[in-house]
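First up is the structure itself, then whatever we jot down about it.
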Amino acid sequence: MTDEEFDNAQHKLLEHEPDFILDDGCELIAKVHANHPDVAANVIGGGEQTTVGITRLEAMERDEVLQFPIYGATTRR
């Protein structure tokens, strides 16, 4: 899968309006906030497993843009 195909697949997934997002690297969580805010508003929670993803989430939380709680394996969320 090319980067463009992967990006398109993520957008198509978010069009199904998930209510919980499990992520790896925070790509999908960042994308739902940036490009699908109407979907993000209805997400009840999520999970992230990578250190890089947790770092991105912490930055989103500091910037007060994180719209739903996330369980991170390396944080106290």
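The values are calculated or read from the model by the stated rules, or taken from the named source; none is laboratory data. For clarity, every value in this text was computed on a predicted model and none was experimentally measured. When we count neighbours, we look across all protein chains shown, and the Cβ atoms used for this are built from the backbone with ideal geometry, even at glycine. What goes into the accessible areas is simple: the full protein's heavy atoms, side chains included, and nothing from ligands, DNA or RNA. Shrake-Rupley method; radii C 1.70, N 1.55, O 1.52, S 1.80 Å.
In region 25-53, the residues that are more than 17 Å from D3 (Cβ to Cβ) reach residues that are at pLDDT below 95 and among the hydroxyl-bearing types (S, T, Y) with C-beta atoms within less than 8 angstrom, at least six apart or across chains, in these pairs: G45/Y71; G46/Y71; G47/Y71; E48/Y71; T51/T74. Of the numbered criteria (1) open to solvent by less than 90 Å² (accessible area, probe 1.4 Å); (2) assigned to a helix (DSSP H, G or I), the one P18 fails is (2). Do we find a residue being surrounded by 14 or more Cβ atoms within 10 Å (Cβ to Cβ) and hydrophobic (A, V, I, L, M, F, W, C) anywhere in region 2-11? No, region 2-11 contains no residue that is surrounded by 14 or more Cβ atoms within 10 Å (Cβ to Cβ) and hydrophobic (A, V, I, L, M, F, W, C).
For region 28-50, the set of residues classified as in contact with a helix residue (DSSP H, G or I) (Cβ under 8 Å, 6 or more places away or on another chain) and either among the aromatic types (F, W, Y) or open to solvent by less than 80 Å² (accessible area, probe 1.4 Å) (or both) consists of L28, I29, A30, K31, V32, H33, H36, V39, A40, V43, G46, E48, listed by residue number. Please indicate, with yes or no, whether at least one residue in region 66-73 is of a type in the set (S, T, N, Q), over 14 Å from the mean Cα position of the chain (by Cα), part of a loop (DSSP other than H, G, I, E, B) and at pLDDT 95 or above. No.
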